[in-house]
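Below is one structure, written out as C-alpha cells; the observations come after it.
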Amino acid sequence: CLGGGSWKCKENDENSGVGSAAALHSDSGAISSNSKGRGILYEQLHDRGKAEEDKTYKPTQLRRWRPVPPVPANRGMPGENGKAVTIPPEKEALMKEKFKLNQFNLLASDMISFNRSLTDVRLEGCKSKIYPKLLPSTSIVIVFHNEAWSTLLRTVWSVINRSPRPLLKEVILVDDASEREHLGRQLEDYVAKLPVPVHVFRTEKRSGLIRARLLGAKHVKGEVITFLDAHCECTEGWLEPLLARIAEDRTTVACPIIDVIADDTFEYISASDMTWGGFNWKLNFRWYRVPQREMERRGNDRTAPLRTPTMAGGLFSIDKDYFYHLGSYDEGMDIWGGENLEMSFRVWQCGGILEIIPCSHVGHVFRDKSPYTFPGGVSKIVLHNAARVAEVWMDEWRDFYYAMNPGARSVDVGDVTQRKSLRHKLKCKSFRWYLENVYPESQMPLDYYHLGEVRNMETQNCLDTMGHKSGENLGVSYCHGLGGNQVFAYTRRQQIMSDDNCLDATSPEGPVKLVRCHGMGGNQLWVYDKNAQTIKHVNTGQCLTKPDVRDTSIPLLRPCDGSIGQMWVMNSKFKW
Ligand code: LR7
Ligand code: MN
C-alpha cells in the first residue's frame, strides 16, 4: 500500500483504473463478452511436465468437511452485517485520541462483537460452486506488532466461525515483540479457552513481519499455510476455494479478494473483482484494472481464478512444502515492505502460479499511516527491502527502481548471494520472461533506448514531472542529477515515459502533458533524432522546445527550426 513514501492505501487514481481496494468497490462491472477463444499465452506459461501425483495431495493428507452455516446477527450490537459504526458526538474526542494507537478507529472496533455478522458478498456464481469433498487442512499464521485486542480477536474469531473445522488445523499467532499489556499473559489465557488450537509464539526482539512469519511457518502442522494480517475478517466460504485451488495444483499461491474494512467506521465494503496487483517504478504495490486479455483467458467467468502479476502480500494460502521449496521468504528483509513483490516475482519466475480467487473474500482494515515504529527509519528499511527485490529478481529493470528512488543507491542492500543462488538452483526464468508473459501491461518498457534525465542544450535545464499526476502539464527545472521526477525512459515504442505516465500532446500549440501511457502510439509518439538531438512529436510534427521567458517551467511545442532551444540530450544508455 505504501505509495510514494506515504502510507496512503486508499488513494484512488481516477485516470488509471489504479487505486486501493477502498476505492474499488465502485465496480462499473460491465465486461464485454465478445471474446471467442481464450488467450493461449498462459497455456504455455510453464512447462507443466510434472507428474500428477506431485501436484496434488495423497488421500491421507485430505480431510472431509462440510460448509459452515452463516454467523447470525448479534441483536443490538453495532456494526452487525458489516455496517458502519457511528460514534456519538460526546465521544468524538475520545475516538480521536484512541485512533492514534493503531491508526484506525479503535473505539468503533471495540464496540463491535468478535463474532459480528457480515453480508455474503460473493458473486452468485460462487455460492453454488461445489468444491471437492476432501481438502487439505491449513494452519492460519497471523503476525502482529502492537495490534489492538479487538481487531486481533475478531480476526481469530472470524477464522474460527467461518472455516470448516476439519480444515482448520490451528491458528498460530506470532507476537513480534509487542509492548502492549493485553498481548502478554492475557492473550495466552484467552486463546487457551478457544474451541480450536491457537498457539502464541513470540519473537525475542522486534524482527519485522517477514521474519515473524518465518517463525510462525516453522510451527505449522497443516498441509497449507494461510497468512493473514492481524486486522482481518474472513467471510462466508472464504477458505474452501483457496484450498480447493491448491489441491488442484500445489504450485498455486492463492489470494482472496481483499475487501475493505473502513478504518474510520469499520464498515465492511466489498472490493472489486476486476482489479489485480501490479507495481510501479518505485516498486510500490498498486491495484490496476484486470485487462481484457485475462478476462478472455478466463472465458469471461468472473468467478474463475484470476492470474495476477503481484499480490498485496498479507493474505494468501500456499502449500507448506511448496513454500519452502520456493525459498520461503528473504530473511534479509526487515520490518515491512518488499516481501510481497519478492514472493510474487519468485512464484512466477520459478514455475508457480499466483492467483486471486474471486470466490474467496477477506476484509482488511486499510489505513493511511503505519501505527508502529520502523527502527532505523521508514525509508531506509523500505528502500533496503525493495533494493533486495530489484537486485535478485529484476535483472536490468532494477535500473528503473534506482533511477526513481535515488536514495536507494546509498542504502546497504546487504548480502543477496543466497537469494541469487536460490534463483539459480530453482532455474528461475528471467524478468524479461515475466514482463513478456505474465505482465505485458506493466509500465516497465521491455526495450528502451534511454533511461535518465532529458536535458535542454540551451538552458541546461531538465524535463521534470514536478510530481504531477496524469492529465497535468509536464515541467522543466534545474537539473539536479538525482533522478526521481527527472527520470524518463525513451522506449522502443517511441514513448517518453515516467513511471506509468507518457508525454502526450493533443494540439500543435501544446501543452505537453503527462498522460497515462496507453501504448497505442497516437499522441504519445515521439521521435528522437540522435544526431540533431530533437524530440519531434509525430502527430503534430512539432518539436519539443525550451520554455518561453514568460514561464520558464513549461516546455513548449514549436515548429522545428534547428535552434539550440530544441536540442535535448539523452545520454544514459543508447542502444539503437
Ligand atoms: O514489524 C512488524 N511486525 C509485524 O508483525 C510490522 C508489522 N507486523 C505485522 C502487523 O501487525 C500486521 O499484522 O505485520 C502485519 C502487516 O503489517 P501492516 O498491517 O502494517 O501492513 P499493510 O497492511 O499496510 O501492508 C501490506 O503490505 C505489507 C508489506 O510488507 C505486508 O505484506 C502486509 O501483510 C500487507 N497487507 C495486505 O496485503 C492487506 C491488504 C493491503 C494492501 C494493499
Ligand atoms: Mn494490514
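The values are calculated or read from the model by the stated rules, or taken from the named source; none is laboratory data. This is a predicted model, so every value here is computed, not measured. Don't worry about glycine lacking a Cβ; one is built from the backbone with ideal geometry, like all the others, and counts go over all protein chains shown.
Here the range 423-456 is the region considered, the condition is being buried (at least 18 other Cβ atoms within 10 Å of the Cβ) and among the aliphatic types (A, V, I, L, M), and the residue that is farthest from VAL515 (Cα to Cα) is VAL438.
Just to be sure before I move on: is GLY471 surrounded by fewer than 22 Cβ atoms within 10 Å (Cβ to Cβ), touching a residue at least 24 places away in the same chain (Cβ under 8 Å) and not polar (S, T, N, Q) in the structure I sent? For GLY471, the condition - surrounded by fewer than 22 Cβ atoms within 10 Å (Cβ to Cβ), touching a residue at least 24 places away in the same chain (Cβ under 8 Å) and not polar (S, T, N, Q) - is met. The residue list SER139, SER158 contains one member that is assigned to a helix (DSSP H, G or I), more than 12 Å from ligand 1 (Cβ to nearest atom), hydroxyl-bearing (Ser, Thr, Tyr) and closer than 22 Å to CYS359 by Cα, which is SER158. For the range 221-229, the condition of being more than 14 Å from VAL171 (Cβ to Cβ) and within 13 Å of ligand 1 (Cβ to nearest atom) holds for none of the residues.
Is it the case, given these coordinates, that GLY314 is farther than 29 Å from MET497 by Cβ and out of contact with any Lys or Arg (no Cβ under 8 Å at 6 or more places or on another chain)? Yes. Looking only at residues in the range 534-555 that are of a type in the set (D, E, K, R) and in a loop (DSSP other than H, G, I, E, B), which one is surrounded by the fewest Cβ atoms within 10 Å (Cβ to Cβ)? My answer is ARG550. Of all the residues in the range 421-449, those that are part of a helix (DSSP H, G or I) and among the small types (Gly, Ala, Ser) number 1. Say whether the condition of being touching a residue at least 24 places away in the same chain (Cβ under 8 Å), crowded, with 21+ Cβ neighbours inside 10 Å and within 16 Å of ligand 2 (Cβ to nearest atom) is met by at least one residue in the range 344-358. Within the range 344-358, none of the residues are touching a residue at least 24 places away in the same chain (Cβ under 8 Å), crowded, with 21+ Cβ neighbours inside 10 Å and within 16 Å of ligand 2 (Cβ to nearest atom).
Given the condition outside any loop (DSSP other than H, G, I, E, B) and over 22 Å from MET570 (Cβ atoms), answer yes or no: does some residue in the range 450-462 qualify? So far as the range 450-462 goes, no, none of its residues is outside any loop (DSSP other than H, G, I, E, B) and over 22 Å from MET570 (Cβ atoms).
Of all the listed residues (ILE210, ILE246), the sole one being within 16 Å of ligand 2 (Cβ to nearest atom), buried (at least 24 other Cβ atoms within 10 Å of the Cβ) and part of a helix (DSSP H, G or I) is ILE210. Restricting the first member to the range 219-247 and to residues that are free of Cβ contacts under 8 Å to residues at least 40 places away in the same chain, and the second to residues that are away from ligand 2 (no atom under 16 Å from the Cβ) and assigned to a strand (DSSP E or B), no beta-carbon pair is closer than 9 Å while six or more apart or on different chains.
The number of residues in the range 78-98 that are crowded, with 16+ Cβ neighbours inside 10 Å, among the basic types (Lys, Arg) and part of a helix (DSSP H, G or I) comes to 1. Which pairs have Cβ atoms under 7 Å, sit 6 or more apart or on different chains, and link a residue in the range 305-320 that is in a loop (DSSP other than H, G, I, E, B) to one that is away from ligand 2 (no atom under 16 Å from the Cβ) and of a type in the set (D, E, K, R)? Close Cβ pairs satisfying both conditions: PRO305/ARG245; PRO305/GLU355; THR308/GLU355. Selection within the range 383-411: residues that are assigned to a loop (DSSP other than H, G, I, E, B) and modelled with pLDDT under 95. The member of this set that is farthest from GLY313 (Cα to Cα) is VAL411. The sole residue among TRP287, TRP281 that is at pLDDT 95 or above and within 16 Å of ligand 1 (Cβ to nearest atom) is TRP287.
Here VAL198 fits the description: touching an Asp or Glu at 6+ places or on another chain (Cβ under 8 Å) and over 16 Å from LEU315 (Cα atoms). Of all residues in the range 217-236, those satisfying the criterion of being touching a strand residue (DSSP E or B) at 6+ places or on another chain (Cβ under 7 Å) and not in a strand (DSSP E or B) are ALA217, HIS219, VAL220, LYS221, GLY222, GLU223, ASP229, ALA230, HIS231, THR235.
A quick yes/no check of all residues on (1) more than 14 Å from THR308 (Cβ to Cβ); (2) buried (at least 23 other Cβ atoms within 10 Å of the Cβ); (3) more than 16 Å from ligand 2 (Cβ to nearest atom):
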{"site": "LYS218", "(1), (2), (3)": "yes, no, yes"}
{"site": "THR235", "(1), (2), (3)": "yes, yes, yes"}
{"site": "TRP238", "(1), (2), (3)": "yes, yes, yes"}
{"site": "THR252", "(1), (2), (3)": "no, yes, yes"}
{"site": "ALA262", "(1), (2), (3)": "yes, no, no"}
{"site": "THR265", "(1), (2), (3)": "yes, no, yes"}
{"site": "SER270", "(1), (2), (3)": "yes, no, yes"}
{"site": "PHE279", "(1), (2), (3)": "no, yes, yes"}
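Per the conditions (1) in contact with a Cys (Cβ under 7 Å, 6 or more places away or on another chain); (2) modelled with pLDDT of 95 or more; (3) closer than 23 Å to SER572 by Cβ, the sole criterion not satisfied by PHE366 is (3).
Apart from one condition, THR373 fits all of (1) more than 16 Å from ligand 1 (Cβ to nearest atom); (2) outside any helix (DSSP H, G or I); (3) surrounded by fewer than 18 Cβ atoms within 10 Å (Cβ to Cβ); the exception is (1). Restricted to the range 359-378, and to residues there that are under 17 Å from CYS255 (Cβ atoms) and of a type in the set (Gly, Ala, Ser), the residue that is farthest from ligand 2 (Cβ to nearest atom) is SER360.
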